[in-house]
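To start, the structure under review is shown below, and the notes come after it.
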Amino acid sequence: MNEPENAGVAARTMPGVDEPASWQALHEELRRLRSLLNTTLLAMLLLSVAVNAFLFYQDRAVQTQLNEARRMVHEFQTVKWPLVNKLVTNLQSFAQVHSDLNPILERYGIKPTTPGQASPPAPASLPSAGRTGK
Amino acid sequence: MKNNAFTAVLAGVLVVAAFAAALLVARVFFGTRQLRDLQPTLMEVNNRLNFAQALLNDTLEYSRRNPAIDSLLVSLNFKTNSAAPARPKPDGR
């Protein structure tokens with residue numbers, strides 16, 4: 001970078017011994033540059049370790065949430081929803097004999113089966129958003 | 001020479017750390033995207049569970065008026081028949 005400057009300065013100040021002075025200045029400059037590079041590398045390494053630690057914890061949190069969501073959906077599809085379907089089908093069958101249950105079924109959009117029907121229809125489709133029924 | 005080796009080691013560790021950071025960023029990015037894609041399904045699941053819970057509550061309320069439905073609810077484990085022994089026995093014992 002500024003070696004020619006240093007060399008020129010050395011040549012002007014010490015005309016008789018310009019070569020050793022130039023080398024000494026170069027070595028000094030190189031030592032400083034190396035020290036600066038090492039300091040920069042260390043600082044970047046520390047920063048990188050901090051960023052990696054943050055990313056690691058973020059990754060763990062995201063993976064935990066993802067696994068929980070997948071487990072919830074799987075449990076719903078394999079255990080809970082078939083049970084609800086069974087309940088609705090049984091309620092429809094029960095409502096054939098006890099007609100006073102029909103208002104409750106109608107409130108939830110479940111059509112009662114007619115007595116002559118061979119097999120009960122599938123439960124009514126569910127509301128898509130927000131209904132709690134309360 | 002020793003200083004050179006130290007610099008090389010530092011640079012090498014930094015490169016490894018950069019690769020690790022890139023890998024972690026990719027994992028967080030794709031994980032977050034999958035989680036975002038699952039959100040509508042989770043909302044639908046919650047809505048259906050709320051619907052089913054409300055239906056079950058009304059059915060349990062109905063069962064107080066008409067105990068004939070108890071067998072249905074017990075068979076699905078929505079209601080236990082533990083309340084039966086609590087009833088006073090006709091002979092008073």
Would you be able to say whether some residue in segment A:44-66 is in a helix (DSSP H, G or I), over 23 Å from residue B:27 (Cα atoms), modelled with pLDDT of 90 or more and under 45 Å from the mean Cα position of the chain (by Cα)?
-> no
Enumeration of residues in segment A:67-95 that are farther than 30 Å from residue B:34 by Cα and either facing chain B (nearest Cβ under 9 Å) or within 31 Å of the chain's Cα centre (by Cα) (or both) | A:86, A:87, A:88, A:90, A:91, A:93, A:94
Quick one: count up the residues across segment B:23-64 that are within 7 Å of chain A (Cβ to nearest Cβ), polar (S, T, N, Q) and within 20 Å of residue A:92 (Cβ to Cβ).
-> 1
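Which one of these is exposed (fewer than 14 other Cβ atoms within 10 Å of the Cβ) and of a type outside the set (Gly, Ala, Ser): B:16, B:45, B:28?
One residue alone meets the criteria, B:16.
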Restricting segment A:96-106 to residues that are within 47 Å of the chain's Cα centre (by Cα) and hydrophobic (A, V, I, L, M, F, W, C), the residue that is farthest from the other protein chains (Cβ to nearest Cβ) | A:105
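The values are calculated or read from the model by the stated rules, or taken from the named source; none is laboratory data. As the structure is a prediction and not an experimental result, all values here were calculated from the model. Cβ atoms come from the backbone with ideal geometry, glycine included; neighbour counts cover every protein chain shown.
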